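Pasting a structure here, questions to come.
The values are calculated or read from the model by the stated rules, or taken from the named source; none is laboratory data. Predicted model, so just to flag it, every value in this text is computed and none were measured. Don't worry about glycine lacking a Cβ; one is built from the backbone with ideal geometry, like all the others, and counts go over all protein chains shown. In case anyone asks, the SASA skips ligands and DNA or RNA and just uses the protein heavy atoms, side chains included. Shrake-Rupley method; radii C 1.70, N 1.55, O 1.52, S 1.80 Å.
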Amino acid sequence: MKYALNQTTKHWDTSLGTHAPSRAFTRRRTHARARAYPVADSVVCTISLWFDLALLLIIPISVHGLLISFTASGVSRAQALKPAQPLPQFAQSREGMAATGAPESTAAAIRILDAGGNAIDAAIAAYFAIAVVDPANTSIAGRAQILLHSIDGRTIAIDGATEAPSGVRPLSGADDDRQGFRVVPVPGALAATAEMSRLYGRLKWPELLAPAIELAEKGFAVTPRLAATWERTRDALANDPGAARHFLKPDGTAWKEGEIFRQPQLAATLRRIAVRGAAEIYRGSIAKTIVRDMSAAGGYVQLSDLHAYRTQPAPVIWVDYRGHRIATAGGRAWGNTLAQMLNILSHFDQSGAEPTAEQAEVMARVIAQALADRPQQLGTLRPKPDGAPLSRISSPEFAAERAEMIKRAMQQNNSPPGSHQNDGDTTHLSVMDREGNAVAFTTSIGPSFGSRAASAELGFLYAHSYNMRSSPTPRQRDHTEMTPTIVFKNNRAALAVGAAGSERIPVGIVQVISNIIDRGMPLERAISAPRIHCTNLLLRVHDWMPAETVDALAARGFTVERRQRDAAQHLGLVQAVQYDPAEGVYYGAADPSGDGRAGSPQNTMRNPQKQPERTRRGSGR
């Protein structure tokens, strides 16, 4: 296993992007940067009030036409954001694939792939779309961890973590329970998205934001999951004038299932970003509005914090698992924990059509041990005084030690280690194109609806920083459980995968990977199969796990808690795209417990049940 920064990253530049590209791609990426940042920073900072007024008054009509003119040769071929037929949770195609946490987001990715964009372009469009239709889990002021593989052979991770402002103050005491604007960090997801575009994007930003602008203007139907989350968070949203104005009805009630939720103010903000680029939120007039919001409500973000923000290259963690090379994002993401679980599992036999009770117990103990070994406390994400270094927990040597410990514990029937269980959420999207580019993109704003504070002028919710609430430190970036992952077979990206669900993210991913590699399951079955989550002797299982397996685990002393297939009780919401080189077919799967959908350009094939079973292999151990 290797633990290193991508070696093509040589130095930082002074833009919102992070590192200088290789010489072979300098010209193409320079053009991509011009698309992502269409106005120079100095010009953005000095745009006149008259231009701002023209933008706000004219763009709602003219830019929509501008977008259409930009896309006349491309996106217009897929003008309807929603396909004629509803998107499935499982799909297959020979033309590429996208799987995201919302059908509108998947439709945006398909629209861009149909327009000639690549997987990077499609992922960007899907991100902006899901920031519109899933305000409980992300926004353009959120955070992101991105792993991408390009046809030039590079695999890179982009750290778009949110960052505490330089002027954040320490807690005044144990009763300093910070909420709202006092826990709002510097946004990172938009800068990370711009970095993707600068490095490998093909289409212009007006094209990429067109689906999101359309969704914000015309609205979308609220799903049962979102409606339930909205109702649970209604009182907290009502405490902030901006959140109450944009995310509650005029009578103060939450939006209900099936109702059409429109966001005209957000649409206007997205138009400004489409025309001026991502720099608008860090150096332009949007940045100035953000600072006014903070000053009025006791927040800490200043213009200097927005100007100074840069994405960073995250370490790419590599794992060899039963003949596959697996890349995942480490550092402030949780790829190190996924690596630890895979390395420990490699010491056990997990083959067979379905897991035996003994194999399920092994998986449960591996999960519990890896979560307990994290150097941060689960829930608060505070650093542990005795936490092991990330480089150690993801090493094969450490995994071998833990595997022997688990074997002894099973022989003696000792309890697994305990840790906090958290039910927070994020959202994830995976995209592959037919050229071989692959993207795994995880994004969040913290707990549901983030800080529960919104910009009255801009129409989006601000993120919540766990660090700023528990142990505020200037310029400290948030560690989160995001684990974007790409699995390689024969040097080609074979699986792009990620999940939502706090610490359930790497736990869900490891079980899906094991189902595919160890059990030869097709992608649909790998994601639909029952999963588990374990801390100490509390074992959560999907309620369709075979009764004999559950009974055997209970007999071993586990307290079994059954979980139904719904978004409130899920064990990780996994979205994945797979490529089968033997068949030349892409498969997409969205977790059945959530609202996600999979789809492809032109949706040419729709029979995922015909995906062949792989030859199952045993570890022989």
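What number of residues in region 510-547 are within 29 Å of GLN377 (Cβ to Cβ) and either in contact with a Gly (Cβ under 7 Å, 6 or more places away or on another chain) or hydroxyl-bearing (Ser, Thr, Tyr) (or both)?
Qualifying residue count for the region: 5.
From ILE260, ILE281, ILE286, ILE290, grab the single residue that is under 18 Å from SER197 (Cα atoms) and touching a residue at least 12 places away in the same chain (Cβ under 8 Å). Let's see the steps before the verdict.
Numbers: ILE260 fails: under 18 Å from SER197 (Cα atoms); ILE286 fails: under 18 Å from SER197 (Cα atoms); ILE290 fails: under 18 Å from SER197 (Cα atoms).
After applying the criteria, what remains is ILE281.
Please enumerate the residues belonging to region 310-331 that are in a loop (DSSP other than H, G, I, E, B) and surrounded by fewer than 23 Cβ atoms within 10 Å (Cβ to Cβ).
Of the residues in region 310-331, the ones in a loop (DSSP other than H, G, I, E, B) are 310-311, 315, 322-323, 330-331.
Answer for region 310-331, where residues must be in a loop (DSSP other than H, G, I, E, B) and surrounded by fewer than 23 Cβ atoms within 10 Å (Cβ to Cβ): ARG310, ARG322, GLY323, GLY331.
Of the residues in region 454-466, how many are out of contact with any Leu (no Cβ under 7 Å at 6 or more places or on another chain) and either under 23 Å from GLY330 (Cα atoms) or not acidic (Asp, Glu) (or both)? So that I can check it myself, show each step before the final result.
Step one: list which residues in region 454-466 are out of contact with any Leu (no Cβ under 7 Å at 6 or more places or on another chain), which gives 455-458, 461-465.
When the remaining residues are screened for being either under 23 Å from GLY330 (Cα atoms) or not acidic (Asp, Glu) (or both), the result is 455-456, 458, 461-465.
Residues meeting the conditions: 8.
Let me ask something additional. Residues in region 395-404: is at least one more than 29 Å from ALA552 (Cβ to Cβ), in contact with a helix residue (DSSP H, G or I) (Cβ under 8 Å, 6 or more places away or on another chain), open to solvent by 50 Å² or more (accessible area, probe 1.4 Å) and not acidic (Asp, Glu)?
Let us first name the residues in region 395-404 that are more than 29 Å from ALA552 (Cβ to Cβ), namely 395-398.
Next, from what is left, pick out any that are in contact with a helix residue (DSSP H, G or I) (Cβ under 8 Å, 6 or more places away or on another chain): 395-396, 398.
Now narrow it down to the ones that are open to solvent by 50 Å² or more (accessible area, probe 1.4 Å): 396.
Filter once more, so that each one left must be not acidic (Asp, Glu): 396.
Yes, there is a match, as at least one residue in region 395-404 is more than 29 Å from ALA552 (Cβ to Cβ), in contact with a helix residue (DSSP H, G or I) (Cβ under 8 Å, 6 or more places away or on another chain), open to solvent by 50 Å² or more (accessible area, probe 1.4 Å) and not acidic (Asp, Glu).
Any residue in region 297-305 that is buried (at least 21 other Cβ atoms within 10 Å of the Cβ) and in a helix (DSSP H, G or I)? First the steps, then the outcome.
Looking only at region 297-305, we keep the residues that are buried (at least 21 other Cβ atoms within 10 Å of the Cβ), and these are 299-301, 305.
Then drop every residue that is not in a helix (DSSP H, G or I), which leaves 305.
Looking for residues that are buried (at least 21 other Cβ atoms within 10 Å of the Cβ) and in a helix (DSSP H, G or I), one finds at least one in region 297-305, hence yes.
Same structure again: Only one of GLY252, GLY188 is modelled with pLDDT of 95 or more and open to solvent by less than 10 Å² (accessible area, probe 1.4 Å). Can you tell me which?
On the way: GLY252 fails: open to solvent by less than 10 Å² (accessible area, probe 1.4 Å).
Only one candidate qualifies: GLY188.
Follow-up. Is it the case that region 332-345 has a residue that's over 28 Å from ALA438 (Cβ atoms) and either in contact with a Phe, Trp or Tyr (Cβ under 7 Å, 6 or more places away or on another chain) or in contact (Cβ under 8 Å) with a residue 24 or more places away in the chain (or both)?
Applying the first criterion (over 28 Å from ALA438 (Cβ atoms)) to region 332-345 yields none.
No, region 332-345 contains no residue that is over 28 Å from ALA438 (Cβ atoms) and either in contact with a Phe, Trp or Tyr (Cβ under 7 Å, 6 or more places away or on another chain) or in contact (Cβ under 8 Å) with a residue 24 or more places away in the chain (or both).
For GLN569, which of the numbered conditions (1) modelled with pLDDT under 90; (2) open to solvent by 20 Å² or more (accessible area, probe 1.4 Å); (3) farther than 19 Å from ASP134 by Cβ fails to hold?
Of the numbered conditions (1) modelled with pLDDT under 90; (2) open to solvent by 20 Å² or more (accessible area, probe 1.4 Å); (3) farther than 19 Å from ASP134 by Cβ, the odd one out for GLN569 is (3).
Specify which of the listed residues (ILE146, ILE158) is out of contact with any Phe, Trp or Tyr (no Cβ under 8 Å at 6 or more places or on another chain), buried (at least 24 other Cβ atoms within 10 Å of the Cβ) and part of a strand (DSSP E or B).
Details: ILE146 fails: out of contact with any Phe, Trp or Tyr (no Cβ under 8 Å at 6 or more places or on another chain).
Every option except ILE158 fails the conditions.
When you go through (1) within 19 Å of GLY584 (Cβ to Cβ); (2) under 18 Å from the mean Cα position of the chain (by Cα); (3) basic (Lys, Arg) one by one for ARG434, which number turns out not to apply?
Going through (1) within 19 Å of GLY584 (Cβ to Cβ); (2) under 18 Å from the mean Cα position of the chain (by Cα); (3) basic (Lys, Arg) one by one, ARG434 breaks only (2).
Step by step: first the residues of region 593-607, then only those that are closer than 21 Å to ARG111 by Cα and touching an Asp or Glu at 6+ places or on another chain (Cβ under 7 Å), then the one that is modelled with the lowest pLDDT. Which residue is that?
THR604
May I ask you to list pairs of residues, at least six apart or on different chains, whose Cβ atoms are under 7 Å apart, with the first in region 573-599 being within 15 Å of THR223 (Cβ to Cβ) and open to solvent by 20 Å² or more (accessible area, probe 1.4 Å) and the second being in a loop (DSSP other than H, G, I, E, B) and among the basic types (Lys, Arg)?
PRO592/ARG565
Separate question: Please go through region 357-402 and give me each residue that is at pLDDT below 80 and not in a loop (DSSP other than H, G, I, E, B), ordered by number.
Step one: list which residues in region 357-402 are at pLDDT below 80, which gives 376-388.
GLN376, PRO383 - these are the residues of region 357-402 that are at pLDDT below 80 and not in a loop (DSSP other than H, G, I, E, B).
THR269 is checked against (1) open to solvent by 20 Å² or more (accessible area, probe 1.4 Å); (2) farther than 18 Å from SER448 by Cβ; (3) within 25 Å of the chain's Cα centre (by Cα) and fails just one. What number does that condition carry?
So THR269 meets the others, but not (1).
Applying the selection to region 194-209, what residues are out of contact with any Lys or Arg (no Cβ under 7 Å at 6 or more places or on another chain) and either closer than 17 Å to PHE460 by Cα or basic (Lys, Arg) (or both)?
Correct list: ARG202, LEU209.
In region 502-524, how many are open to solvent by 10 Å² or more (accessible area, probe 1.4 Å) and among the charged types (D, E, K, R)?
1
What about ASP349, is it farther than 22 Å from GLU163 by Cβ, assigned to a strand (DSSP E or B) and not aromatic (Phe, Trp, Tyr)?
Values: farther than 22 Å from GLU163 by Cβ: yes; assigned to a strand (DSSP E or B): no; not aromatic (Phe, Trp, Tyr): yes.
Spelling it out, it is not the case that ASP349 is farther than 22 Å from GLU163 by Cβ, assigned to a strand (DSSP E or B) and not aromatic (Phe, Trp, Tyr).
Do we find a residue being within 27 Å of ARG262 (Cα to Cα), touching a helix residue (DSSP H, G or I) at 6+ places or on another chain (Cβ under 7 Å) and either part of a loop (DSSP other than H, G, I, E, B) or β-branched (Val, Ile, Thr) (or both) anywhere in region 210-232? Write out each step before concluding.
Going residue by residue through region 210-232, those that are within 27 Å of ARG262 (Cα to Cα) are 210-232.
Those left that are additionally touching a helix residue (DSSP H, G or I) at 6+ places or on another chain (Cβ under 7 Å): 210-213, 215-217, 220.
If we keep only those that are either part of a loop (DSSP other than H, G, I, E, B) or β-branched (Val, Ile, Thr) (or both) too, we end up with 213.
Yes, the conditions are met somewhere in region 210-232.
Another question, if that's okay. Look through ALA494, ALA499 and report the one residue that is part of a strand (DSSP E or B), open to solvent by 10 Å² or more (accessible area, probe 1.4 Å) and in contact (Cβ under 8 Å) with a residue 12 or more places away in the chain.
So the residue among ALA494, ALA499 that is part of a strand (DSSP E or B), open to solvent by 10 Å² or more (accessible area, probe 1.4 Å) and in contact (Cβ under 8 Å) with a residue 12 or more places away in the chain is ALA494.
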